[in-house]
Amino acid sequence: MTILVTGGAGFIGANFVLDWFSQSGETIVNLDKLTYAGNLRSLASLEGNPQHVFVHGDIGDGPLVQRLLAEHRPRAVLNFAAESHVDRSIHGPQAFVETNVVGTFQLLEAVRGYWQGLDEAERSAFRFLHVSTDEVYGSLKAGEPAFTETHQYQPNSPYSASKAASDHLVRSYHHTYGLPVLTTNCSNNYGPLHFPEKLIPLMIVNALAGKPLPVYGDGQQIRDWLYVKDHCSAIRRVLEAGQVGEVYNVGGWNEMPNLDIVHRVCALLDELRPRADGQSYASQISFVADRPGHDRRYAIDARKLERELGWKPAETFETGIRKTVTWYLANQDWVKGVMDGSYRDWVAQQYGAGKV
Ligand code: NAD
Ligand code: TYD
């Protein structure tokens, strides 16, 4: 048996692929374009493993995807591939439309053709699992209930709008063609192999480098954090037992303001790798201009996934963030390897040359 994973060299995809092989002998065909966010170093431990078939390519390349499907005959396709960074979507939305919208459409078209050619038993067992985000639901006010699966879509950034469009396309392929789809909408992830342009890894990397820790606006925006391995276990569970056509929200019941997150990271670093001058890393916090259209609060109601499929996160924020900081301290080579020239160009564009 084989599954096809897209975007498996990115943060969540690579964690998923590594977790998969720790519990299953089933082959993964891993299709990834290796954008700045895709990194084969994250999969170095799989070198020489014949069960991991890496293919460098684009989900939007219909003929390539058709060939891979015909050759490997997967029982499922899991779509992690996306442009995923909100700030980049503000500076350059086109790539987000190309990959998240048009790419997902081309992938769905190739999968539809393959699926329609399967025999009846294979057709009913097949799954297309689309990995999406809570950001499609927009922003919550303080005190409003967390997002359920029926919350109205109100995306506010080019990133979340492009993910919303992809969710709608996936839904339509189920309702129109009967494609057996599953969609997961997850809250903010953190953990090992996270590219240091997102909040938590950026803070760790900058703190250790003695650089400012840039907090947008007042730092009181709230995100609902989930350890990445818990997201991976939720996806495995949905793939295994999810009801076709259904949407499952995935979250860790862990809402926290950004500034608190940064203080937690600093406190852990103070404990595990104290600064030579004895000061706290928190003294490096620097408030910077807010993100345009910055969503104030996300919160996921994950009760459906718990009730129907028995999934619960294994980590608390305390255990997960400790594992994360420890991983970054032990894996400085990985960090150096991903922070190449294109990373430095991005930092200069976003925060100003020489500032961060
Ligand atoms: P990421 O940016 O770290 O990785 C994306 C991966 O997709 C990279 O390996 C990249 O090379 C690949 N990719 C990009 N465009 C491609 C294309 N056209 N064809 C093939 N591969 C392509 O993203 P991530 O944080 O790992 O997120 C994975 C998925 O999970 C995304 O769909 C994202 O929307 C969703 N998600 C992320 C979070 C989060 O907190 N990171 C939360 C919820 C949902
Ligand atoms: P991010 O990790 O980019 O995820 P998302 O925007 O998808 O939620 O950002 C998480 C939160 O942290 C978000 O409210 C923006 C904020 N943030 C900062 O305050 N400073 C930063 O340098 C970054 C990258 C994010």
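The values are calculated or read from the model by the stated rules, or taken from the named source; none is laboratory data. Note that the coordinates shown come from a computational prediction; the quantities given were computed from them, not determined experimentally. Using ideal geometry, Cβ is built from the backbone for each residue, glycine included, and neighbour counts are taken over all protein chains shown. Please note that ligands, DNA and RNA were not included when accessible areas were found on the heavy atoms of the full protein model with its side chains. Shrake-Rupley method; radii C 1.70, N 1.55, O 1.52, S 1.80 Å.
Evaluate the distance, in nm, between pseudo-label points positioned 7 Å from the Cα of V244 and of R112 along their respective Cα→Cβ axes.
About 1.6 nm, to one decimal.
Can you list residues whose amide H is under 5 Å from T133's amide H, if they're 5+ apart or on another chain and H is modeled 1.01 Å from N?
Excluding prolines and chain starts, which carry no amide H, the hits are C186.
Provide the per-residue ³J(HN,Hα) series for region 203-213, in order, calculated from phi with Karplus coefficients 6.51, -1.76, 1.60 and θ = phi - 60°, each as a whole number of Hz, with x at glycine and proline positions.
Coupling constants for region 203-213: 5, 5, 5, 5, 4, 5, 8, x, 9, x, 9 Hz.
Report, in whole Å, the centroid distance computed from the Cα atoms of region 25-68 and region 114-132.
Answer, in whole Å: 20.
Pairing the Cα long axis of helix 62-72 with the longest principal axis of the chain, what angle in degrees results, from 0 to 90 and rounded to the nearest 10?
Approximately 70 degrees, to the nearest 10.
Could you check what % of the DSSP bridge pairs in region 158-297 are antiparallel, to the nearest 5?
Just about 20 percent of them are antiparallel.
R0 = 25 Å: FRET efficiency of K141 with F287, Cβ-based, nearest 0.05? Please list the in-between numbers first.
Details: r = 23 Å, r/R0 = 0.91.
Step by step, r from the Cβ atoms, then E = 0.65.
Just to confirm, what accessible area per residue do you get for the chain at 1.4 Å probe, in whole Å²?
On the way: 14770 Å² over 356 residues.
That works out to 41 Å² per residue.
Helix-only mean residue ellipticity at 222 nm, the chain, DSSP H runs n ≥ 4 weighted -39,500 (n - 2.57), per residue, nearest 500. What is it?
After summing the helix terms and dividing by residue count, I get -12500 deg cm²/dmol.
For K163, which aspartates and glutamates qualify as cross-link partners when the Cα separation must be under 13 Å and same-chain residues fewer than eight apart are set aside?
E83, E98, D134, E135
Report ³J(HN,Hα) in whole Hz for each residue of region 151-165, in order, from the Karplus equation J = 6.51 cos²θ - 1.76 cosθ + 1.60 where θ = phi - 60°; Gly and Pro get x.
4, 4, 6, 9, x, 10, 10, x, 4, 5, 5, 6, 5, 4, 4
Name the long-range amide H neighbours of A81: under 5 Å, sequence gap of 5 or more, or other chain; modelled H, no Pro or chain starts.
Those lying under 5 Å, H to H, from A81 are T6, G7.
On the accessible surface of the chain, probed at 1.4 Å, how many percent belong to carbon and sulfur atoms? Write out the running numbers ahead of the final one.
Working: 7410 of 14770 Å².
Carbon and sulfur atoms account for 50 percent of the accessible area of the chain.
What's the long-distance tail for region 1-78, i.e. % of Cα pairs beyond 16 Å? Could you put the intermediate results ahead of the total?
Numbers: 1301 of 3003 pairs.
The calculated P(r) of region 1-78 puts 43 percent of pairs beyond 16 Å.
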